[in-house]
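Note sheet for the following structure.
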Amino acid sequence: MQPAAEDDAARRAWPHLRTVLILLHVLALVLGAVPAPEGGMRRAAWKEATVQGEIAAWAERLDGLGIAMDAATLEQAAWDFAVRYMAVRRSILAPFQPYYDRLGVAQNWRMFVAPHKHPARLQIAVDGGPEADPWRVVYEELRPGTDWREAQLEHDRTRSVLFRYSWTSYRKDYRRLCAWIAAEAATDFPEASQVRVRWLRQRTASPAEVRKGQLPALKPESEQILDLGPLRDGGRP
């Protein structure tokens, strides 16, 4: 009779235990999904034009509400708060981390907090262009007729990576991307001796500028020129 009684007690206890486990699972996911500046806790990233524009805009809004605070003071206050917030968040999530890791339920993608007003597009060119411009553009996002490696460079997962690599805090990753591009270009363009990789950054146009057809200029930055000859000889660019 004792085994039967134990089985009956286990059956009665299971619904309650299951409820507790479900609640713990929901709690773990909710805590993990609470907004946090993960990936943005680099002071260099806060110096990007888009971020600085947002800070200046919020400083202006606060000033309109009678709270005198310049952009530099607001940035420092926000940084100090973010550092404290992330420390508390890490301590709260620490007990759940093994659960996230083993079940693969970590929430590492956040909603956008603001529009990116200074986006950058990747441009790739090889030497051997017309006499007026020694470079021939083989890929540039949004530019018709430049579709080299388009399927790879504009894949959904790649686009997420490229968005980050245009930021100064990802320079090491950007250089690795350039090395990969050089290796592919060395094979696809046997007549070329160099490849040029750079970002073209452009401020988002205002409605008035769009109506007038006066779009802000594209400004090249972070230019990398790599030699292709060593790659064909089994070396590095």
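The values are calculated or read from the model by the stated rules, or taken from the named source; none is laboratory data. All values reported here derive from a predicted model rather than from experimental measurement. Don't worry about glycine lacking a Cβ; one is built from the backbone with ideal geometry, like all the others, and counts go over all protein chains shown.
Condition (residue is under 16 Å from I124 (Cα atoms) and without any contact (Cβ under 8 Å) to a residue 12 or more places away in the chain) applied to the stretch 211-227: is it met by at least one residue? Checked the stretch 211-227: no residue is under 16 Å from I124 (Cα atoms) and without any contact (Cβ under 8 Å) to a residue 12 or more places away in the chain.
Can you pull out the residues in the stretch 195-214 that are surrounded by 13 or more Cβ atoms within 10 Å (Cβ to Cβ) and either touching a Cys at 6+ places or on another chain (Cβ under 6 Å) or basic (K, R) (or both)? Selection gives R196, V197, R198, R201, R203. Within the stretch 58-107, the set of residues being hydrophobic (A, V, I, L, M, F, W, C) and loosely packed, with under 13 Cβ neighbours inside 10 Å comprises L65, I67, A68, A72, A77, F81, V83, A87, V88, I92, A94, L103. Of the numbered criteria (1) surrounded by 13 or more Cβ atoms within 10 Å (Cβ to Cβ); (2) part of a helix (DSSP H, G or I), the one R159 fails is (1). Within the stretch 16-50, the set of residues being over 22 Å from I92 (Cα atoms) and surrounded by 14 or more Cβ atoms within 10 Å (Cβ to Cβ) comprises A45, W46, E48, T50. Within the stretch 201-216, work out how many residues are more than 22 Å from E54 (Cβ to Cβ) and either among the charged types (D, E, K, R) or under 24 Å from the mean Cα position of the chain (by Cα) (or both). Going through the stretch 201-216 one residue at a time, the tally reaches 2.
Criterion applied to A192, A217 was being in the same structural domain as A151 (by TED's automatic domain parsing), touching a strand residue (DSSP E or B) at 6+ places or on another chain (Cβ under 6 Å) and either surrounded by fewer than 16 Cβ atoms within 10 Å (Cβ to Cβ) or small (G, A, S) (or both), and the one residue passing it is A192. Being among the aromatic types (F, W, Y) and touching a residue at least 12 places away in the same chain (Cβ under 8 Å), is that true of even one residue in the stretch 14-30? No: zero hits. Among the residues of the stretch 155-182, those that are touching a strand residue (DSSP E or B) at 6+ places or on another chain (Cβ under 9 Å) and within 24 Å of A49 (Cα to Cα) comprise L162, F163, Y165, S166, W167, T168, R171, Y174, R175, L177, C178. Does the stretch 85-100 contain any residue that is assigned by TED's automatic domain parsing to the domain that holds V195 and of a type in the set (G, A, S)? No, the stretch 85-100 has no match at all. Residues in the stretch 221-237 that are within 25 Å of H118 (Cβ to Cβ) and surrounded by 13 or more Cβ atoms within 10 Å (Cβ to Cβ): S222, Q224, I225.
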